[in-house]
Amino acid sequence: MKTTGVVAGASVLVLLAALAACSSDGGGAATAECPDGTVTLTVLRAENNPPKDEFIQQWEKANSCYTVEVQEVPFDQLATKTQLIGTEDGGPDIIEVDAPNTATFAAAGLLLPIDDYLPAGYKDDAVPASLAELGYDGKIYSTGMAQTTLGLYYNKTMTDAAGIDVPTSLDTAWTWDQALAAMQKCQVGSADNPDVFGLAPSAFGNGTAGNTYRDLTIIRSAGDPTAPKGSSAYNTYYGIAPDGSTADGYLNTPEAVKAAELYQSMYQGPTKVTSNEGLPNAFQDGKACFDLQTSYLAGNLAATPPSFDWGITPVPYITTPITQTGDMVLAVSSKTAHPEAAAKFAIDLGIGTEGLAWVASNKSFPSITTAIDDPQFSYLKEQPLSVLYDEIVQWGQPRPPSTHFVEYDQLVSKGLQDIAFGADPKKSLDDLVSQVDAALSR
Amino acid sequence: MLVRNSFFDYTLLRPDEQKFVGIGQYERIFTDPGAASTFGTTLLFALGVLVLVVPLGFLVAVFLNGRFPGRSIVRTIVFLPVVTSVAVTSTMWLFMLTKNGGLVNSLITGLGLPPMAFLTSIPWALISIIVMTAWQQIGFVAVLFLTGLQSVPDDVVEAARVDGASRVRVVTAIILPLMSRTTLFVVITMTVFSLQAFAPAFLMTSGGPQDSTSLVVYAIYNAAFKLQDPGFASALAVAVMLIALVLSGIQSLFLRTKWSY
């Protein structure tokens, strides 16, 4: 009996030691340098996404009282995993969030506001679109890391050969009618099976048409923010009611339907210039004249130069120029036991030394405007990347803000996909609106 | 738990804020056109898989039951897709069937014909995932039929042949009736399997185009995790279970064995 008790006691001690070793909290011994011991912060991120290990290690070196553990999930499971954090015990200290989902997760109480930890003057320094998409209920939940938008990349070798003069500044940007005419002129081969597409098939998601980030831009550009408030043109530009309560009268306006018809003509009929099925690296491989892509493509093209000259022209528009913004951001979990340290990590890896170094390393765009004077961002003032930066600052709009953006995004993508596949644009938008409104009302 | 959840309206983001809605989620199955459509699509999918896999699986089993050189290797090859992950086979077929540069379309365009949108047009998308699923399951069905074939008493078959029955007559009048238990098992197993299919819709077509391949388990996944509607997803899951039970009951009734050996 005595032996059994000793064994049981030893087992409990071993178990406790094992549990302590596995704890994400770490809690090393206190030292003069680290009076609270070494704290371990856990970060949930999507695979192949920032914050990259190299910059995390730089941060650890600069903040020696902290170590960082990274948990990874596939990109398309990140939002689902984040949703489930609320139902689980424990969880990460810092969560990578797709920017437009910030309000959704903040409203659900999954995130902590970081206003108390932001550097002085942050609000004046932040890119307006970042400030708009990363706040909820008057509080800020992230600074963002890189800011991203779309550009219309073009194969200059092909456009020159086709005699197409492509604009390279915002004030001379094409309308979609002009852009589609250029794409048709540049396309090589039959519309059904071209050797070179006028516009590269979407590289977003699984490669099928309809991505909200990319394609809702076209619909929203049919709106007009200078039209009378509440008019259909005004509403079309925003894509959702200001209070996020409805999409009726915003996504199914006459202007939106007309834009959806134009959008469908890119995929269907004799005027089509692209495919509703993906073709990876179509632009890089010289199989497309144009590509509506994020700023990351510029980094890739710079890192691995293609065999042709290329440039970036502003995103075309129907009535009003607009580009949707937003990238992956770091936010602090409301369950963290170390809010200050977690906020410091999220801010440093966003707009701090480590964050800006990562942004510059892939020729992306910082979320603060003063960074443009930083020598490492000299590319922001040079063609072709200056086009994207100007877009972010002058045309940038967050994706329609909503505490139900997860559902909105899913439903809008599906609705636009249906239109690209040939469904009646008006009926599709009406169906889409009824589904979105049902989701928004829950 | 599933049944309990189906009587509540809530989201994964706020699981504590549950609202009791009685049979409201079940009423939505009948009033939501998307739900009705997804059940119709799933039944069509199940029917398509059955129509392909049962007769082809039987023919493959008859073939594998014969004596020929390399029989073990051929049996292994036929069964290989069954033990391969459905994620792998779905991705493989996706690469084969995609319109832009897919293997099948490369052959088609090589013949001077226009490419086919196997995965993004109606009804080809549904046909494509039916064919892929049937291809993967034929080996399993063939093994089940093979087991049944090998348990048919030789003396009964030989007696029929002595009486002058042709090979076709032996199959239709002796073997098939004696294998009705195996057939019943195959049909029920494949029906339930088809009702549970998820990966082809998820990986190959994303339920499109225009929901034409939105199988019910894919719709359940979407409702629960993409649309924040786990209560409705639970009701759909309960409905699938009930449908599987009813279909199995009906099939048992119609395919009930009249023979014993």
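For the range A:335-390, the ratio of Cα radius of gyration to the globular rule of thumb 2.2 N^0.38 Å stands at 1.34.
Strictly greater than 48 Å: what percent of every Cα pair in the protein assembly as shown meets that?
So the pairs more than 48 Å apart make up 27 percent of the total in the protein assembly as shown.
Among B:MET92, A:MET183, B:MET116, the order by Cβ neighbours within 10 angstrom, fewest to most, reads B:MET92, B:MET116, A:MET183. The simple Förster model, with R0 at 45 Å and r as the Cβ-Cβ distance, assigns B:LEU242 and A:ASN206 a FRET efficiency of 0.90. The range B:1-154 has equivalent-ellipsoid semi-axes of 39, 26, 15 Å, by the square roots of 5 times the alpha carbon gyration tensor eigenvalues, sorted largest first. How large is the Kirkwood hydrodynamic radius of the range A:209-337, in angstrom, based on all distinct alpha carbon pairs? About 17.0 Å, per the Kirkwood formula over Cα pairs. With a 10 Å cut-off around each Cβ of B:221-230, the average count of Cβ atoms from other chains is 5. Placing pseudo-labels 7 Å out from each Cα toward the beta carbon at A:ALA32 and A:LYS381 gives an inter-label distance of 4.6 nm.
Cα centroids of the range B:137-216 and the range A:337-352: 60 Å apart.
When only the Cβ of Lys, Arg, Asp and Glu is charged (+1, +1, -1, -1), the dipole of the range B:11-122 relative to its Cα centre reaches about 500 debye. When +1 charges are put on Lys and Arg Cβ atoms and -1 charges on Asp and Glu Cβ atoms, the dipole computed for the range A:339-442 relative to its Cα centre reaches about 120 debye.
Dipole check for the protein assembly as shown: with +1 at the C-beta of Lys and Arg, -1 at the C-beta of Asp and Glu, and the Cα centre as origin, the magnitude is about 3160 Debye.
Measuring r between the beta carbons of A:THR157 and A:GLU47 and using R0 = 25 Å, the FRET efficiency lands at 0.15. Label-to-label distance, A:GLN71 versus B:THR31, with points set 7 angstrom from Cα along the beta-carbon direction: 3.9 nm. When every Cα-Cα distance of chain B is counted in 5 angstrom steps from zero, the calculated P(r) takes the values 1, 6, 11, 13, 14, 14, 12, 10, 8, 6, 4, 2, 1, 0, 0 percent.
For the range A:34-115, the equivalent ellipsoid derived from the alpha-carbon gyration tensor has semi-axes of 23, 16, 12 Å in decreasing order. Largest first, the extents of the alpha carbon coordinates of the range A:164-245 on the three principal axes equal 46, 32, 20 Å.
Checked against a 20 Å cut-off, the cross-linked pairs A:LYS123/A:LYS363; A:LYS61/A:LYS344; A:LYS185/A:LYS381; A:LYS81/A:LYS335; A:LYS156/A:LYS287; A:LYS52/A:LYS363 give Cα-Cα distances beyond that limit for A:LYS123/A:LYS363; A:LYS185/A:LYS381.
In this structure, B:ALA159 and B:PHE254 have a Cβ-Cβ separation that, at R0 = 30 Å, corresponds to a calculated FRET efficiency of about 0.55. Normalising the average separation of contacting C-alpha pairs (under 8 angstrom, six or more residues apart) by the number of residues puts the relative contact order of chain A at 25 percent. With a cut-off of 14 Å between beta carbons, the residues surrounding B:SER212 carry a summed charge of -1, where Lys and Arg count +1 and Asp and Glu -1.
For A:ALA120 and A:ALA62, the difference between the fully extended length at 0.36 nm per residue and the C-alpha to C-alpha distance is 18.8 nm. When each of the peptides B:69-78, B:190-199, A:341-350 is scored by the mean number of other C-beta atoms lying within 10 Å of its residues, the order from highest to lowest reads A:341-350, B:190-199, B:69-78. Temperature 4 °C, viscosity 1.567 mPa s: under these conditions the Stokes-Einstein estimate for the range B:158-261, based on its Kirkwood radius over C-alpha pairs, is 78 µm² per second.
Over all other residues within a Cβ to Cβ distance under 15 Å of A:LYS123, the charged ones net out to -4, with Lys and Arg as +1 and Asp and Glu as -1.
For the range A:291-442, the spread of Cα coordinates along the three principal axes comes to 52, 51, 27 Å, biggest extent given first.
Every number in this text was worked out from the coordinates using simple rules, so none of it is lab data. Worth saying up front: this structure is predicted, and the values here are computed from it rather than measured. Every residue, glycine among them, receives a Cβ derived from its backbone with ideal geometry; neighbour counts consider all protein chains shown.
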